[in-house]
Amino acid sequence: MGYENLLWLGGVGALMALIFAFIQSRKVMKFSEGTPAMVKVAAAIRKGANAFLKRQYRTVVIFYIIMAAILTVIALLGFVSPFMPFAFVTGGIYSGLAGFIGMKIATSANSRTANAASESLNKGLKVAFSSGAVMGFTVVGLGLLDISVWLMLLRYVFNRDAGEIARTMVMFGMGASALALFARVGGGIFTKAADVGADLVGKVEAGIPEDDARNPAVIADNVGDNVGDVAGMGADLYESYVGSILASFAIGSAAGYGWAGMVLPLLLAVVGVISSIIGTLFIRTGEKASQKELLRTLRTGTYVAAAIAAVAAAPLTVIVMDGNWGIYISIIIGLLAGCLIGYFTEYFTSETYKPTKELAQASETGPATVIIGGVSLGMKSTLAPVLIVGISVIISFLASGGILTTGSPDYAHLFSKGLYGIGISAVGMLSTLAITLATDAYGPVADNAGGIAQMSGLGPEVRERTDALDSLGNTTAATGKGFAIGSAALTALALLVSYVDIAQDKVAHKLDLSVTNPAVLSGVFFGVMLVFVFSALSMYAVQRAAQNIVVEVRRQFREITGLMEGTGEPDYERCVDLCAKGALREMVTPSLLAVIVPVVTGLVLGVEGVVGLLVGVMASGFAVAVYMANAGGAWDNAKKYIESGEHGGKGSENHKAAVIGDTVGDPFKDTAGPSLNILIKLVSTVSIVFVGLIAAYSVF
């Protein structure tokens, strides 16, 4: 069958996702923004978020111009595909657009969520989740659109065959990865500088409530939720989604599956769109719902979507892959792994489970024990995701036909088939990304809604509802981060395989990838080092930016007459401006490391050294990212658990101890941790793009 004639189906899936996103956005915009006070606060948040993203994108454009010029030169020298400079730019545009659209709807939905919550909890959930759905389906729709347009161009305009298209397009993820890293690091620095500054001075020193209008950093804090957790997360998961599909293209080509190996991931993505649309219909709750019930309704939606995708994938796989049930098992393993990682992340970060409750109890002996407990919890939480990914890799490899016995005459061919199983497992995990991201992107909207309710003087019952939605959002955000890093590990493994396959064609000798090869071993150490240095730089950036906010907030409390009494007007814009300048200044160095280190490593240690680097980054980055995300999420929810009335409630010494733990966790969960999964994939795609140059000019 001419499977290349089915490439247009990817465009159909993109269209369905984008139409559904548009419908959800219209649904959100039909709700009222609420009182004039609520409209005013929402407008200030929207203005700050728009201003920061515009400034950030202007900074990133300079990087893209320089990189496009470099890629054009090495394309003219024959080291990369002539399409690469254009694909690099389009990937960045689509990734940035996904984040920007998500941020726009989130800043329009926050006051509407607060106003809806004044009527009922279910109505507030409906508005917040619909805005998250806009983000989820926009990311998937734009990702499929980007892939489909390039597939159609390369096949029908430039007449390239399946193998050439697959090996070319695996490089196309670099543009999306680079933009995602800038968005994640820059947005993460902004949001956590504002959050830490607002909490340390407002809640700990001044003793005023969270989101109090008297706090000069409160608007910057709410702006940060949008530019970091919405725009940054959107660009992040856009890159994961596209990267997994492109990596499966390349591995499928190496395994000899041709067009069938490329069409199957596209069809799975389309099925995932349809399944996610159906899953959204199951998300609703009652007025007096507990945290466990709220979690259950979101979990029901994602599980229903995963189940529908699993059932629909069976006939597709059997038909396209000529009855190969092993590949179908690999897809199921990916879906199951995603759900399990989400569950265990929820277990370690939700206040409804024992670990976070015990962490809240640690506040009775002060902030030191809270911090020690959170670090311990985060480290312990790496066990389940690492085991899940490791087991899913082995099962996917063996189920799809891979063998580990090198003595077989068909070893190389069967090994490639097994690797395709790993790649398609990553696609399976991300196939229902639209609804998974919807449950994640909903969180910052609920968080903003609580702030608007507080600053606008709405009744305590409204804040109680928005706090319930916000606490749920913390858990779903942690779940989303766990899901993102799990998929990043599988995608990075597929990209590593693609790198080795392409590198072998570029060098005259057989690659020595044994751990006893000094180049490989040194590369592993460099990869582990890169993860820690990158994390250190991004957290140090939060520290520096937060210090400026703390100084500024203290100054305003000291110098503005009547500020603490509520008669003075704080200078919100000054804090927003300080956060923006700090984020833009500090995001450059850690982001550039991801591009420079693999190229320098390759030029010094050769292609084998880069393989070691990729292994080191992937293994250590996966574990460190899970540890940081879960520790930060647990610290945040332990604080909220105390605020609900447990262990002394708001304003108690226990609460102050938990706030300090939360501020330590802020850069863990929202800056360094989530940025690591992008680092893993960007290092991989940069290595693939520059492999020809490295093979030609490396010292060893």
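The values are calculated or read from the model by the stated rules, or taken from the named source; none is laboratory data. Computed from a prediction, not measured in an experiment: that's the story for all the values here. For neighbour counting, all protein chains shown are included, and Cβ atoms are generated from backbone atoms with ideal geometry for every residue, glycine included. In case anyone asks, the SASA skips ligands and DNA or RNA and just uses the protein heavy atoms, side chains included. Shrake-Rupley method; radii C 1.70, N 1.55, O 1.52, S 1.80 Å.
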Give me the extension gain from F532 to R55: residue separation times 0.36 nm, minus the current Cα-Cα distance, reported in nm with one decimal. 168.9 nm
Rg to Rh, two decimals, where the chain supplies the alpha carbon set and Rh follows Kirkwood: 0.97
Mind checking which of I278, S392, A198 is farthest towards the positive end of the chain's charge dipole, using Cβ charges of +1 (Lys, Arg) and -1 (Asp, Glu) about the Cα centre? I278
For the Cα atoms of the chain, what angle does the longest principal axis make with the long axis of helix 653-667, in degrees from 0 to 90, nearest 10? 30 degrees
Choose one of L53, V41, L15: the residue whose Cα lies farthest towards the positive end of the charge dipole of the stretch 1-82 (beta-carbon charges +1 Lys, Arg; -1 Asp, Glu; about the Cα centre). V41
Starting from the Cα gyration tensor of the stretch 342-389, take the square roots of the eigenvalues, sort them a ≥ b ≥ c, and report rounded, prolate or oblate (rounded when a/c is under 1.5, otherwise prolate if a/b is larger than b/c, else oblate). oblate
Cβ-Cβ FRET estimate between E364 and R555, R0 fixed at 41 Å, reported to 0.05: 0.75
Write out the trypsin sites (Lys or Arg not before Pro) in the stretch 452-543 meeting two conditions: DSSP loop, and at most 10 other Cβ atoms within 10 Å of their Cβ. K510
Would you list C339, C579 from the most to the least accessible area, probe 1.4 Å? C339, C579
Just to make sure I understand: if all protein chains stay in place, what is the order of H509, H655 by accessible area at 1.4 Å, largest first? H509, H655
Return the whole-Å distance between the Cα centroid of the stretch 407-477 and the Cα centroid of the stretch 610-661. 17 Å
Gain in span if fully extended, S652 to K30, counting 0.36 nm per residue against the direct Cα distance: 219.8 nm
At 1.4 Å probe size, what's the solvent-accessible area of D447? Round to the nearest 10 Å². 30 Å²
So what is the accessible area of the stretch 44-158 per residue, in Å², with the probe set to 1.4 Å? 34 Å²
Rounded to the nearest 0.05, what FRET efficiency do I66 and V699 have when you use their Cβ-Cβ distance and R0 = 22 Å? 0.30
Accessible area per residue of the stretch 512-635 at 1.4 Å probe, in Å²? 40 Å²
Just the C-alpha atoms of the stretch 573-700: what Rg/Rh do they give, with Rh taken as the Kirkwood radius? 1.18
Mind giving me the nanometre distance, one decimal, between the label points for N159 and W325, set 7 Å out from Cα along Cα→Cβ? 4.3 nm
Just report the Cα centroid separation between the stretch 56-105 and the stretch 549-565, whole Å. 42 Å
Can you bin the stretch 283-397 into rounded, prolate or oblate? Criterion: square roots of the alpha carbon gyration tensor eigenvalues sorted a ≥ b ≥ c, rounded for a/c under 1.5, prolate for a/b above b/c, oblate for the rest. oblate
Rounded to the nearest 20 debye, what is the charge dipole size of the chain about its Cα centre when +1 sits on each Lys and Arg Cβ and -1 on each Asp and Glu Cβ? 740 debye
Could you give me the ³J(HN,Hα) list for the stretch 156-166, computed from phi with Karplus coefficients 6.51, -1.76, 1.60 and θ = phi - 60°, whole Hz, x at Gly and Pro? 9, 9, 9, 6, 8, 8, 4, x, 5, 4, 5
Violating pairs (Cα-Cα greater than 19 angstrom) within the set K192/K681; K192/K640; K481/K681; K47/K104; K30/K123; K639/K669: K192/K681
Rank by packing, highest mean first: peptides 173-180, 137-144, with packing defined as the count of other Cβ atoms within 10 Å averaged across residues. 173-180, 137-144
To the nearest 20 debye, the stretch 1-142 has a Cα-centred charge dipole, built from +1 on Lys and Arg Cβ and -1 on Asp and Glu Cβ, of 680 debye
Between R296 and I394, what is the label-to-label distance in nm when each label sits 7 Å out along the Cα-to-Cβ direction? 3.5 nm
Per the 1/(1 + (r/R0)^6) rule, R0 = 30 Å and r from the Cβ atoms of V12 and R284, FRET efficiency to 0.05 is 0.55
Which whole-number value in Å³ per residue fits the convex hull of the alpha carbons of the stretch 97-142? 41 Å³
For the chain, calculated [θ]222 nm from helices alone, where every DSSP H run of n ≥ 4 adds -39500 (n - 2.57): -28000 deg cm²/dmol
Relative contact order for the stretch 354-493, counting Cα pairs under 8 Å that sit 6 or more residues apart, in percent: 21 percent
Whenever you get a sec, compute what percent of the accessible area on the chain sits on carbon and sulfur atoms (1.4 Å probe). 66 percent
Just how large is the dipole of the stretch 424-542 about the Cα centre, in debye to the nearest 20, putting +1 at every Lys and Arg Cβ and -1 at every Asp and Glu Cβ? 280 debye
Consider just the alpha-carbon atoms of the stretch 531-623 and return their Rg together with their Dmax, both in angstrom. 20.6, 66
Please compute the per residue accessible area over the stretch 181-326 with all protein chains in place, 1.4 Å probe, rounded to a whole number of Å². 25 Å²
Using +1 at the C-beta of Lys and Arg and -1 at the C-beta of Asp and Glu, which of A434, G480, L578 has the Cα lying farthest in the positive direction of the dipole of the chain? A434
Honestly the stretch 169-288 on the Cα gyration tensor test (a ≥ b ≥ c root eigenvalues; a/c under 1.5 rounded, otherwise a/b vs b/c for prolate or oblate) is just oblate
Tell me the accessible surface of I329 in square angstrom (1.4 angstrom probe, heavy atoms of protein chains only), to the nearest ten. 80 Å²
Subtracting the Cα-Cα distance from 0.36 nm times the residue separation, let me have the gained length for F525 to L404 in nm, one decimal. 40.9 nm
Ranked by how many other beta carbons lie within 10 Å on average, peptides 380-391, 78-89 from highest: 78-89, 380-391
